[in-house]
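> Got a structure for you, written out below as structure tokens; questions coming shortly.
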Amino acid sequence: MSDCFVSYKREDRPRVDPLVSALRAAGVSVWWDQDIGGGKRWRETIAEQLDAARCVVVCWTHASTGTDGAYVREEAERAKTRGVLLPVLLDGVAPPFGFGEVQALDLTAWNGATDAACWRNFVAALRAIADGRSRLPPVLPPGSPYRPWRAAATLLAAVSLIGLILPLTGWTPAICRAAVLRETCRAIGVGGVPARADEEAWAAARQAVKDGGRGDGYRAYLRDHPAGAFAAAAQAALAACRNLADERWQRSDDALPLVVPPALSSTGSEAAARERSAADVQRQADALCAVYEKSPTHKLLGATPDARGWRCRPETRGWTCAFDGQVVCQLEVRRTVDREACS
């Protein structure tokens, strides 16, 4: 079972072909008579696909509304009877007699762009019918008893009439903000109700900004939906983002070369020689690292001579120790970190 059966006049095939291709690219399963395989029964196959399709798109043109468009009108009548008819205008024509009460979506200006508002409205209406969210009840044959859903049919017909009349009065956006009518307005393409995918992408963008505080969510929305219903809001929100500079103190030690000559006299052991020189080594290490105390961007925490710099050796009368290595200046450094703040 396909999402959509496309009914058209054979002369209009070059104009209908891009429509079918764009629907399939949007993930809609489409059947039209070009899908009939070799050896299959032509009429029976069309009837089977027509009656099984969740939505039937009928293309009204000069050719299909003319005297030779009987097959298209017959297919439209069967779809109308099941409540799955979605007529579209490819020419500026009036629908044939008997189909005027079902609003036809205007695709006369569609140039193949899948981000055009008329195309998005068409795809949304098709999905609504295919999913069973917006469907006229089946048409009862004459003399059938009253059914409770006739009231729903009357209401939906009234909504379709609203879709035709309210744009002329300017009331449509206000009415379509009501939760009870929002999905209906979305399906019939009035009131400026965005496509569901567009709304979901915008909600995800705002949540990303809320979670991270940066404008990456808005940028992602504009990248994927440059002509989306919320593109202007995303651009305005990005323009309102602020660049802030945060100051942070971070550990960042620095090593400086340190050379201290041996003492003039020797001592009896290596340990004694090192102990006697240790105070001089530390004093010179402190002096080297003291340069950071004058810097407003540094805090000196300490100076530690690297133990690998000790050079001790025995002399004729005892031991002497020198230092030839480096001192590690233990620091905290103030760094400025730029960040973007968006709301």
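The values are calculated or read from the model by the stated rules, or taken from the named source; none is laboratory data. Nothing here was measured: the structure is a model prediction, and the numbers come from that model. So basically every Cβ, Gly included, is an ideal-geometry build from the backbone, and we count neighbours across all protein chains shown. Just the protein is used for accessible areas: all its heavy atoms, side chains included, with ligands, DNA and RNA removed. Shrake-Rupley method; radii C 1.70, N 1.55, O 1.52, S 1.80 Å.
> Quick one: if you stick a label point 7 Å off each Cα along the C-beta vector at Glu199 and Asp280, how many nm between them?
8.4
> Let me check something: with ligands and nucleic acids excluded, how do Arg120, Arg242 order by accessible area (1.4 Å probe), largest to smallest?
The ordering from most to least exposed comes out as Arg242, Arg120.
> Continuing with this model, one more query. Scale the Cα Rg of the range 228-296 by the rule-of-thumb value 2.2 N^0.38 Å and send over the ratio, two decimals.
Normalised by 2.2 N^0.38 Å, the Cα Rg of the range 228-296 equals 2.53.
> Between Ser29 and Arg308, what is the label-to-label distance in nm when each label sits 7 Å out along the Cα-to-Cβ direction?
It is 7.0 nm.
> Subtracting the Cα-Cα distance from 0.36 nm times the residue separation, let me have the gained length for Ala290 to Ser343 in nm, one decimal.
Answer, rounded to one decimal: 14.6 nm.
> So what J values fall out for the range 246-256 if you push phi through Karplus, 6.51 cos²θ - 1.76 cosθ + 1.60 with θ = phi - 60°, rounded to Hz, Gly and Pro as x?
These are the phi-based 3J(HN,Hα) values: 9, 9, 9, 9, 10, 5, 7, 6, 10, 9, 10 Hz.
> What is the spread of the Cα atoms of the range 1-113 along each of their three principal axes, largest first, in whole Å?
Projected onto its principal axes, the Cα set of the range 1-113 covers 37, 31, 25 Å.
> Here is a further query. If only Cα atoms are counted, what is the Rg of the range 214-336, and what is its Dmax, in Å?
Computed over the Cα atoms of the range 214-336, radius of gyration and Dmax are 27.9, 92 Å.
> Turning to a different aspect of this structure: If only Cα atoms are counted, what is the Rg of the range 270-343, and what is its Dmax, in Å?
My reading of the Cα-based Rg and Dmax gives 19.1, 78 Å.
> Can you check what the net charge comes to around Gln235, using other residues whose Cβ is under 13 Å from the Cβ of Gln235 (Lys, Arg +1; Asp, Glu -1)?
+2
> Would you mind counting up the charge near Asp106? Only other residues with Cβ under 14 Å from its Cβ, with Lys and Arg at +1 and Asp and Glu at -1.
Net charge around Asp106: 0.
> Counting only C-alpha contacts under 8 Å and six or more residues apart, can you give the relative contact order of the range 212-327 as a whole percent?
Worked out over the range 212-327, it gives 29 percent.
> Another question about this same structure. Going through the range 257-318, which GluC sites (Glu not before Pro) have at most 13 other Cβ atoms within 10 Å and a DSSP loop state?
Here the sparse-neighbourhood loop sites are Glu315.
> Next question, about the same structure. Which order do Thr184, Thr316 take by accessible area at a 1.4 Å probe, largest first?
So the residues, ranked largest to smallest area, are Thr316, Thr184.
> Moving on to the next point. Under a 5 Å amide H to amide H cut-off, with H placed in plane at 1.01 Å, what residues pair with Ser7 once short-range neighbours are removed?
Val57, Val58, Cys59
> What does the charge add up to near Pro257, with Lys and Arg as +1, Asp and Glu as -1, over the other residues with Cβ less than 12 Å from its Cβ?
With Lys, Arg at +1 and Asp, Glu at -1, the net is -3.
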